[in-house]
Amino acid sequence: MDLHILDHRLRVTSIAKNGLVHFTHPLIKLIFLRNRTRCKFFSLTETPENYTVVLDEEGFKELPPSEHLQVESSIWLPLNVVSNGNASSSSQAVGVTKIAKSVIAPLAQQHVSVFMLSTYQTDFILVRENDLSVVVSSLEEEFNIYKEVGGESVPLNCQDVSNGLQKNGKEAIQPTVHPVLIPKNQFCVMSLDPDTLPSIATILIDVLFYSSSPKEETHSSSSQDCIEFFSFSLIDGYVSLVMDTEAQRRFPADLLFTSSSGELWRMVRIGGHPLGFDECGIVAQISQPLADSDISAYYISTFSFDHALVPEEDIGSVTDMLQHQRTEPATS
C-alpha cells in the first residue's frame, strides 16, 4: 500500500457558538466562493460545544483574530492511504477500520497523537509536522511513502526527514479508557457535486449557522437522547457531508448521493471531558477492536471530543465491545 503525505499545512481551530456571528462572512466565502479563495482544504464540524474548523494556511488567513477563536498551536499534515490494486485487503470494512492496524496502532505505539477526519471519499490522518520523522520511520516498512510536492508524488524515506531520529522522546503512558456516549440519531455520510452547492446554499447556511436558533428547541423529549452534529468538508474539490437523518430531509434528495447500499450509521462519541491534543492512542482504542471484528467505521476528531460512526446494524455489538473494554481496561 501507498501512504501519501498531502501538500497541505493545516491548522485546527475552534469557534465558540456565541462567537459564530464574527465568522459567518469568511466561512461563507470558504464554503461557497471557491474562486475568491486559495484554500484547498476546509472542514467545518458542528458539535454541541463549538465549531471545529480545520483548514490550510490560505484558509486560516481568512479567519479574523478573535476571543471566540481557539487555535491549536501545531501545524498538522494530512496523510492518506491508497491501496494498490494488488494489495487489497480481504476485509470488506470501510473507513478507519481499514487502517487501524497498519497506521493507527503503530503511531499510537510510538506515542504520536493523531487527529482523524473521515470523509465520504477517504480518511485523512492528521499528524503534527514535528512528528513527521517518527511517522515515516514507524510506517516505512509497511508502506511506500510519498510526499506530494506541487502536484507530484515524490518517494520519501526516513533519511529524507530526519537524521536517524526514530522516536519522538515522549514517555509511554497507558492510554486512558474514556467514557463513551451513544446518541439515538441515525447519520448519513454523503457527497454532492460541488457545482450544485449554490442550489442548496440557503439550506446549508440555515443548517450550519442557525441550527441552534430558538425555533429548533421545541422538539419532543426524545430529542434529548440525540446529539447536534453536522460536518461539511470541501477538500481538493470534493464535498463530504455527515448529518443526521433529520437534517438530511431538508436537502433535495436528487442532489445528495451516498453509497449504493445507502446505509445508516450510529455514533459513538468518545470523551467525558475535552480530550485535548496530546494524549496518544485514543483513536486506536476505538478502531482496534472494530478492526478485530471487521466493523466499518468513519472517525471524525473535533477540538473537544472524538466521534466514530458505525453501521446501525452493528451498534449493539459495538456497545457490548466497548463496555467489555471498559470493565477490563488492563487487557487493552
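Observations on the structure shown:
- Within the range 275-293, the residues that satisfy the criterion of being open to solvent by 30 Å² or more (accessible area, probe 1.4 Å) and either among the aliphatic types (A, V, I, L, M) or more than 20 Å from the chain's Cα centre (by Cα) (or both) are Asp292, Ser293.
- Any chance Ile31 is over 19 Å from Phe277 (Cα atoms), assigned to a helix (DSSP H, G or I) and open to solvent by less than 20 Å² (accessible area, probe 1.4 Å): yes
- Members of the range 176-191 found to be among the aliphatic types (A, V, I, L, M), under 29 Å from Phe257 (Cβ atoms) and surrounded by fewer than 19 Cβ atoms within 10 Å (Cβ to Cβ), listed by number: Ile182
- Under the condition of being under 20 Å from Ser233 (Cβ atoms) and either without any contact (Cβ under 8 Å) to a residue 60 or more places away in the chain or open to solvent by 30 Å² or more (accessible area, probe 1.4 Å) (or both), the residues counted in the range 304-332 number 1.
- Flag if Ser260 is at pLDDT 95 or above, under 24 Å from Thr122 (Cβ atoms) and either of a type in the set (S, T, N, Q) or in a helix (DSSP H, G or I) (or both): no
- Any hit, the range 49-62, residues being in contact with a strand residue (DSSP E or B) (Cβ under 7 Å, 6 or more places away or on another chain), acidic (Asp, Glu) and open to solvent by less than 60 Å² (accessible area, probe 1.4 Å): yes
- Pick from the range 174-187, criterion touching a Leu at 6+ places or on another chain (Cβ under 7 Å) and at pLDDT 95 or above, ranking: farthest from Phe229 (Cα to Cα): Gln186
- Hits in the range 227-245 - residues which are of a type in the set (D, E, K, R) and over 23 Å from Val180 (Cα atoms): Asp236
Table: residues versus (1) at pLDDT 95 or above; (2) in contact with a strand residue (DSSP E or B) (Cβ under 9 Å, 6 or more places away or on another chain); (3) of a type in the set (Gly, Ala, Ser).
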{"position": "Ser66", "(1), (2), (3)": "yes, yes, yes"}
{"position": "Ala93", "(1), (2), (3)": "no, yes, yes"}
{"position": "Ser102", "(1), (2), (3)": "no, yes, yes"}
{"position": "Ala105", "(1), (2), (3)": "no, no, yes"}
{"position": "Phe115", "(1), (2), (3)": "yes, yes, no"}
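- Hits in the range 291-313 - residues which are part of a helix (DSSP H, G or I) and closer than 17 Å to Leu181 by Cβ: Glu312
- Of the residues making up the range 233-253, just one is charged (D, E, K, R) and open to solvent by less than 60 Å² (accessible area, probe 1.4 Å), namely Asp244.
- Residue check for Leu33: at pLDDT below 95 and either touching a His at 6+ places or on another chain (Cβ under 7 Å) or within 27 Å of Ala247 (Cβ to Cβ) (or both): yes
- Residue in the range 76-87 that is in a loop (DSSP other than H, G, I, E, B), closer than 19 Å to Ser233 by Cα and either within 21 Å of the chain's Cα centre (by Cα) or not basic (Lys, Arg) (or both) present: no
The values are calculated or read from the model by the stated rules, or taken from the named source; none is laboratory data. Note that this is a predicted model, so its numbers are computed, not measured. Don't worry about glycine lacking a Cβ; one is built from the backbone with ideal geometry, like all the others, and counts go over all protein chains shown. Only protein heavy atoms, including side chains, enter the accessible area calculation; ligands, DNA and RNA are left aside. Shrake-Rupley method; radii C 1.70, N 1.55, O 1.52, S 1.80 Å.
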